[in-house]
Amino acid sequence: MSVAQGIQLHPHHQAFASLRTHLLRSRRMLLMQVVSRPVPQVEQGLPTDILDLAACEQERLIDDLITQRTHVTPRHIERALSRMLDTSYGICHRCRADIPLPRLRAQPDATLCFTCKQLSEERASARRAAWRPDTSAEAVYRS
Ligand SMILES: [Zn+2]
């Protein structure tokens with residue numbers, strides 16, 4: 001028996017191969033976006049006019065959002081690709097059930113099945129609703 005015959009392929013092996021190609025393509029596109037971004041002109045210093053300063057600050061915030069997005073997404077792609085190698089890809093991290101293919105096709109880096117993702121979002125929403133900004137720190141500590 002050859003080595004290839006001894007390997008158990010996941011039932012969704014062919015679909016995962018297609019998702020892997022999609023992830024690799026997404027990673028390549030994100031890296032190209034990072035490389036093609038202009039280098040900030042730090043040596044020019046800050047503008048003295050208040051409107052120029054506001055415009056400069058707005059550009060910096062947009063740059064930060066793009067940077068944050070491009071740094072988070074490639075990390076998720078790398079993790080998904082490594083889960084494909086250790087065969088944990090497509091398995092919910094919380095309940096260990098198979099993540100349905102339509103969900104993986106919609107979000108190839110998904111780590112939770114739809115039910116667990118929904119529960120996670122509901123818990124996060126409940127935590128945000130429970131937090132009251134007008135409550136003193138002492139009252140929050142005692143509750
Ligand atoms: Zn789950």
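Taken together, the values in this text are just the output of simple stated rules run on the coordinates, not laboratory data. Just so you know, these numbers come straight off a predicted model, no measurement behind them. All Cβ positions, glycine included, derive from the backbone under ideal geometry; neighbour counts span all protein chains shown.
Can you put L30, L104 in order, fewest other beta carbons within 10 Å first? Don't jump to the answer; show the numbers that get you there.
Details: L30 16, L104 21.
Fewest to most other Cβ atoms nearby, the residues stand as L30, L104.
For a footprinting-style exposure proxy, rank D109, D98 by other Cβ within 10 Å, fewest first.
Numbers: D109 18, D98 15.
Going from least to most buried by this count: D98, D109.
Please identify the chymotrypsin sites (Phe, Trp or Tyr not before Pro) of region 69-131 that satisfy two criteria: DSSP loop assignment and at most 16 other Cβ atoms within 10 Å. Which are they? Walk me through the numbers before you get to the answer.
Working: sites: Y89, F114, W131; in loops: Y89, W131.
Answer by residue number: W131.
Got a sec? How would L81, L101 order by Cβ neighbour count within 10 Å, fewest to most? List each step's numbers first, then the result.
On the way: L81 17, L101 14.
Least to most surrounded, the residues fall as L101, L81.
What net charge is computed for the residues neighbouring T115, neighbours being all others with C-beta under 14 Å from the C-beta of T115, Lys and Arg scored +1, Asp and Glu -1?
Details: positive: R94, R96, R103, K117, R123; negative: D98, E121, E122.
In short, +2.
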